Amino acid sequence: MDTMQLYRQAQDDFDAVLAAVPADRWTARSACTEWTVRDVAGHAVWGQRQLRAWALGEDYAEHSGAPGSPHPAPLAGDDPLTTWREARETALAALTPEALARTTTLPGLGEVPIAGIVSLLTTDLVAHAWDIGHALGADVRLHPDTIAAAFDWARAHAVRRPGFFGPELTPPAGAGEQTRLLAFLGRAAWQPVAA
C-alpha cells in the first residue's frame, strides 16, 4: 500500500472501533494514560483538522486536542462518531498530490512534508484505535500493513515523553507484530486496563 492507502486503512480501523463504542462508555477510561474514550476521539478529530490546515497552508489555532492536552473531549462534540467522520472527510479532501508534497514547520522537527505527517497520523490512529478498543474489552485486530508501516515510522521517529509515547515495554515471548508495536509505543497489550 502507498502512504494514502495506509492512511485510509488506519482511518477505517479507527472508525470501526469508534463506531462500536456504546453510548454509555464515552466517559470510560481509555488505555491512553489520563484520557477517556471521548478524549481520545477528540484528539483524533483534532489531528484531522490540524492535518487539513497544514495541507491547505492555513493556520489552525486550536491546541486543546494536541498530544498531551489535558482534556480534548470537547472536540469530539455531542456525537463523536459523526464529528470524527466529518473531520476525516474534510482532511482527505485536502490531501491532494500537491498538498502531500508541501512542507510545514513543526516545533522540534523543522520542515516536514505533509506526506510525512500522514505517516505520523497513521501511527497515531493505529495506537488510538487500540487504546479505545482495549479499554472497552474488544479484541482489536488492526490491518497488518498499517501495523508494519506504523512500526517502521515509530522506530525512526517515536518521541518518548509525557503526552506522546511511553517508554518501550518488553512484550511476552512469541508476541505478534501488533503486540510488539504496541509495546514499542509503551502499551501493554497483554494486560487489562486498570480500573
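The values are calculated or read from the model by the stated rules, or taken from the named source; none is laboratory data. It should be emphasised that the depicted structure is a prediction, and the values quoted were computed from it without experimental measurement. When we count neighbours, we look across all protein chains shown, and the Cβ atoms used for this are built from the backbone with ideal geometry, even at glycine. Heads up: the accessible areas ignore ligands, DNA and RNA and are worked out on the full protein's heavy atoms, side chains in. Shrake-Rupley method; radii C 1.70, N 1.55, O 1.52, S 1.80 Å.
For the chain, the per residue solvent-accessible surface stands at 49 Å², with DNA, RNA and ligands left out and a 1.4 Å probe. What's the center-to-center distance, using Cα atoms, between segment 28-103 and segment 136-191 in Å? Cα centres, segment 28-103 to segment 136-191: 21 Å. Rounded to the nearest 20 debye, the dipole size of the chain about its Cα centre is 420 debye, using +1 on the Cβ of Lys and Arg and -1 on the Cβ of Asp and Glu. How would you classify segment 1-103 from its alpha-carbon gyration tensor, with a ≥ b ≥ c the square roots of the eigenvalues: rounded for a/c under 1.5, else prolate if a/b is greater than b/c, otherwise oblate? Judged from the Cα gyration tensor, segment 1-103 comes out prolate (a/c at least 1.5, a/b above b/c). Helices of the chain meeting both criteria, an alpha-carbon length of 18 angstrom or more along the long axis and an average Kyte-Doolittle score not below 1.0, with helices taken as full DSSP H segments, are 114-135. For segment 95-160, the dipole from Cβ point charges (+1 on Lys and Arg, -1 on Asp and Glu) about the Cα centre works out to 120 debye, to the nearest 20. Rolling a 1.4 angstrom probe over segment 30-183 with all protein chains present gives an accessible area of which 54% lies on carbon and sulfur atoms.
Its Kirkwood hydrodynamic radius, worked out from the mean inverse distance over all distinct Cα pairs, puts the chain at 16.7 Å.
With Cα atoms as the point set, segment 79-124 shows a radius of gyration and Dmax of 12.3, 35 Å. Over all distinct Cα-Cα pairs of segment 42-91, the Kirkwood formula returns a hydrodynamic radius of 10.8 Å. Ranked by the mean number of other Cβ atoms within 10 Å per residue, highest first, peptides 38-48, 70-80 order as 38-48, 70-80. Only Cα pairs under 8 Å and 6+ residues apart enter the sum, and on that basis the relative contact order of segment 75-195 stands at 16 percent. Over segment 104-175, the fraction of Cα-Cα pairs per 5 Å bin, rounded to whole percents and listed from the shortest bin up, is 3, 13, 20, 26, 21, 9, 5, 2, 0. Note on segment 1-43: with charges restricted to the Cβ of Lys and Arg (+1) and Asp and Glu (-1), its dipole about the Cα centre is near 140 debye.
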